[in-house]
Amino acid sequence: MAEPWRDRARRAVEWNWRLRSVGDPRPHYVICGKDALAYYVARALLESELPAGGARVTVVVPERYRSNGPDVAGLRGLRVVRSDRLDVATFEAAGLAGATGLALLHQDDVGNLHAALCAQAVDQRVRQVLRMFNGTLADGVRKLLKAPVEVLSDAEMAAPAFVAAALNEVDPSSFQHRDKTLRVARRADVRPQDVVCALAHLSEAQGVELLPAEQAGADLVLAEATGQPPGTEVAARRLVRARRRRRPVTVVMGAVRGFATRKIGIAVMLVLALIAVLGALISRAEDVSPLEALYLTLVTTLSGADPDTTKAADAQIMQVVLNLAGLALIPLITAVVVDGIVNARLALHTGRLQPARVGHVVVIGLGNVGTRVVAQLREYDVEVVAIDKDPEPRGAALARQLEVPLIVGDAALPETLAAASVADCQALVVASTDDVANLEAALAARDLRADLRVVLRLFDGDFAERVEETFALGVSRSVSYLAAPAFIGALTERAVISTIPVDRHALPVAEVPVAPGSELDGRPLDVVNRDGQVRLIARTPAGGAKTIWWKDLDPRQVIFAGDRLTVVARRRGLDWLTRQCAPPAPGRMPTPHGHVGSTPRPEPVLPAAVPDSLPTPTVGQVAVPAPGAAHPMPTPSSPVDGAVPPSRDGGTRVDD
């Protein structure tokens, strides 16, 4: 009887033979990752309607893993390879040879670099997109790898959105394209002649309307940068000025209050009050001046006095009580000093010895995103306090360099939040990698202050929307969703210039070339704009001519092969435009197009608008053709365990 793993290997070989991409015109992408970023990239590739009829996607995930957000292996229509190591054998099992692109999306810079080198050994021509946090290492990778490579940082892309939300401003997204610099702004903050296009109409009743047809009524616009600082910079300057006007006495008193414990402080205050009352009585009984009474009281309290039996009985009683108070005061002073020193040492070790602050920003979690947020806030000179459970998180070195206090502790505990003066802060940015911990910290902060502005990082989109509706915790952001369009653009070789986050949506800005014989070759420019989907902002004529921007675009101008169209679009709209600008399919004769005034062709139909928000849509199932069919794909209900037998030290397993 054959061993079970031999049976699994035999079935895997048969499936791999049936899944060979012989003659399959669809591009093949391999994605290595297990978190939300890998999920959104894989989902977008599966849903994309590329000119060749879609894409084939293979995902490489560890054998056993826990996903904090949506599970990439649960998507239907893709091939799953399970392996704990990204080595040559794993990439061969994933069919990397001849693939169109490889995305290495683990949160491990060195691990992604090692995987890129192994992938280069399998296929030097495959396009690689790496996720990296370390900018210096990323520059070295671009020079080291022989394969075409793009290195991106999701934290760097998403940090401006968190900073803007913390300062109650729009995202300060700005990018340079050709000879102009464009930025996102509120319509009221820019001149009408600088408005490039409308991005969104924001209303509480209807929510967010992206790329609206009514340009004049939009609240958020894309505008040309003309030297005016963005709203986030203006808000940061206002915050800095307010901080300079703080009362220093309040800060000192707050530090004194935190020096000793409450019980010792109460005991000291009671003894001092008793001494003051007795001193006043001595002053009246002895008929001396206030200064002489103070002298007699201090001498009697601290050193005692010679007994005098000739004194009146009440004076003798007060003298005895003062001596007893002195005996109690000296140990209390010693206890205050010792307790203060011990507390100071512990507080310095954990970062809890902090003066009271007002108008600062508290950042919870010094991981990739939290570190970027802290760095950008300090660039604006905004005072920041950081909280993390780990004494040495990823951003600890940068925090020390920027002189940002780091409080070590659980952010869900009231004492940790109180040490960071959360009740008096401008905003709270919760950016750790655990959804449950983030929610606990946000709710604990709201208990301290009901109107606190909270910027919450959540991986699961549906969970984030329900949290916003139920708890009214302010703004929630998904780093992976904000960064996914840039990774998809780099993987598919689309010229994604920038990604504009709007609420919980992302609008990519891309430059799409027009191929000869494509659907748009010979059509007027007005067919490019689609309300709610695509907005044309510039056209670069073929031959390297000067770019024509929105002010000078004539909708009657004809599009020629070689032109490059710069657009702001939703993901579905960008897919549609890419198909319209792609060359004709093999075997299809190009149709000659007339110029403006000739008989127009039937208008290409844009697919129905699909919301780009975070809730996961249902992906269509993939049918399983009979053996011998052109491109069969096994259903998720028929898993295949392994072209390579599993091993204890991290084998490779294939699920189709």
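The values are calculated or read from the model by the stated rules, or taken from the named source; none is laboratory data. Values in this document were obtained by computation on a predicted structure and should not be read as measured data. Using ideal geometry, Cβ is built from the backbone for each residue, glycine included, and neighbour counts are taken over all protein chains shown. We work out accessible area using only protein heavy atoms, side chains counted, and drop any ligands, DNA or RNA first. Shrake-Rupley method; radii C 1.70, N 1.55, O 1.52, S 1.80 Å.
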Practice problem: Could you please put Glu150, Glu47 in sequence from largest to smallest accessible area, using a 1.4 Å probe? | Solution: Glu150, Glu47
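If the viscosity is 0.692 mPa s and the temperature 37 °C, what translational diffusion coefficient in µm²/s does Stokes-Einstein give for region 154-220 when Rh comes from Kirkwood over Cα pairs?
248 µm²/s
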Exercise. Report Glu379's accessible area, 1.4 Å probe, all protein chains in place, as a number in Å² to the nearest 10.
Key: 150 Å²
Practice problem: Working with all protein chains in place, sort Trp550, Trp576 by solvent-accessible area computed with a 1.4 Å probe, largest first. | Solution: Trp550, Trp576
Quiz item: Rg and Dmax of region 78-133 over Cα atoms: what are they, in angstrom?
Solution: 10.5, 28
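Reported to two decimal places, what Rg/Rh ratio describes region 404-461 when computed on Cα atoms with Rh from the Kirkwood expression?
We get a ratio of 0.93 for region 404-461.
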Quiz item: Using modelled backbone amide H atoms (1.01 Å from N, in-plane), which distant-in-sequence or interchain residues come within less than 5 Å of Arg79's amide H?
Solution: Val57, Thr58, Val59
Quiz prompt | Exceeding the 29 Å Cα-Cα cut-off - candidates Lys143/Lys551; Lys34/Lys389; Lys34/Lys143 | solution = Lys143/Lys551
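Which value does Rg/Rh take for region 466-568 over its C-alpha atoms, Rh per Kirkwood?
1.10
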Exercise. Mind ranking Ser478, Ser432 by accessible surface for me, highest first, 1.4 Å probe?
Key: Ser432, Ser478
Quiz item: Using modelled backbone amide H atoms (1.01 Å from N, in-plane), which distant-in-sequence or interchain residues come within less than 5 Å of His177's amide H?
Solution: Leu182
Quiz item: Can you pull the accessible area of Leu117 for me, 1.4 Å probe, Å² to the nearest 10?
Solution: 70 Å²
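Ignoring ligands, DNA and RNA, what percent of the accessible area of region 350-498 is carbon or sulfur (1.4 Å)?
The value for region 350-498 is 50 percent carbon and sulfur by accessible area.
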Quiz item: Taking +1 at the Cβ of each Lys and Arg and -1 at the Cβ of each Asp and Glu, which of Ala147, Val184, His201 sits farthest along the dipole of region 126-212 towards its positive end, judged by Cα position relative to the Cα centre?
Solution: Ala147
Quiz item: Karplus couplings for region 360-366 from phi (6.51 cos²θ - 1.76 cosθ + 1.60, θ = phi - 60°), rounded to Hz, Gly and Pro as x?
Solution: 8, 10, 9, 10, 9, x, 9
Exercise. Could you pull out every residue, at least 5 positions away or on a different chain, whose amide H is within less than 5 Å of the one on Ala200? Hs are placed 1.01 Å off N in the peptide plane, and Pro or chain starts have none.
Key: Leu211, Asp219, Leu220
Quiz item: How many angstrom separate the Cα center of region 143-204 from the Cα center of region 519-550?
Solution: 21 Å
Quiz item: Which residue, chosen from Thr540, Pro508, Val422, occupies the Cα position most advanced towards the positive end of the dipole of region 410-541, where the dipole is computed from +1 (Lys, Arg) and -1 (Asp, Glu) charges on Cβ about the Cα centre?
Solution: Thr540
Quiz item: With the other protein chains left in place, how much accessible area per residue, in square angstrom, belongs to region 355-498 at a 1.4 angstrom probe?
Solution: 37 Å²
Quiz item: With all protein chains present, how much of the accessible area of region 135-211 (probe radius 1.4 Å) comes from carbon and sulfur, to the nearest whole percent?
Solution: 46 percent
Practice problem: Give, rounded to the nearest 20 debye, the magnitude of the charge dipole that region 404-475 has about its Cα centre when Lys and Arg contribute +1 at Cβ and Asp and Glu contribute -1 at Cβ. | Solution: 260 debye
Quiz item: His177: accessible area at probe 1.4 Å, nearest 10 Å²?
Solution: 20 Å²
